[in-house]
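To start, the structure under review is shown below, and the notes come after it.
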Amino acid sequence: MLGQNFVSVMGHVGQTPELQHTNTKNVPVANINIALNNKWTDRKTGEVRETTTWVVVVCWDGWAKTAAKYVKKGDPVHVEGQLQRREYQDKNGVDRKPLEIVCKKLNLLKPNGTSVALNAPVPTEADMPLSMQAPDAQPVPVPAAQPVPATDVIPG
């Protein structure tokens, strides 16, 4: 049986993403923490209840630069991507295995419910899941992107 690894979420950004770079290949990376809210009415009490689930969206390379430039705390966003489980040990030596979303598409949502599609960056090896990346891969030449004027403003 075939499966499909596709996730689409909408929520609000918990903190402004910070652009960082990997230690080994100096690839740009930024994490976006998104709050996913779920409201329902309790059948017994009639009280409106709400829960919030936080998800981490990992943005690589061009998406990382775009997120760091345009996404701010509190912004409503729509993200499409793939689920990925990452394994590491924290500072205390505890094994961690978070489930994260690897960003493939990022939209800023306007208050009226419409969206602004951010320009998709040219994909690189960093956009692929770690399991598919070649350990000794050489970068593929990519045509130079057109510069974005400093006066660009995302309509809001």
Just to be sure, is VAL79 assigned to a strand (DSSP E or B), touching a helix residue (DSSP H, G or I) at 6+ places or on another chain (Cβ under 9 Å) and surrounded by 11 or more Cβ atoms within 10 Å (Cβ to Cβ)?
no
Inside region 12-35, can you point out the residues that are more than 16 Å from ALA64 (Cα to Cα), in a strand (DSSP E or B) and either touching a Pro at 6+ places or on another chain (Cβ under 7 Å) or at pLDDT below 95 (or both)?
HIS12
Going residue by residue through region 56-76, is there one that turns out to be free of Cβ contacts under 8 Å to residues at least 40 places away in the same chain and either surrounded by fewer than 10 Cβ atoms within 10 Å (Cβ to Cβ) or in contact with a strand residue (DSSP E or B) (Cβ under 9 Å, 6 or more places away or on another chain) (or both)?
no
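The values are calculated or read from the model by the stated rules, or taken from the named source; none is laboratory data. All of these numbers come straight from a predicted model, not from anything done at the bench. No Cβ is skipped: glycine too gets one built from the backbone with ideal geometry, and neighbour counts run over all protein chains shown.
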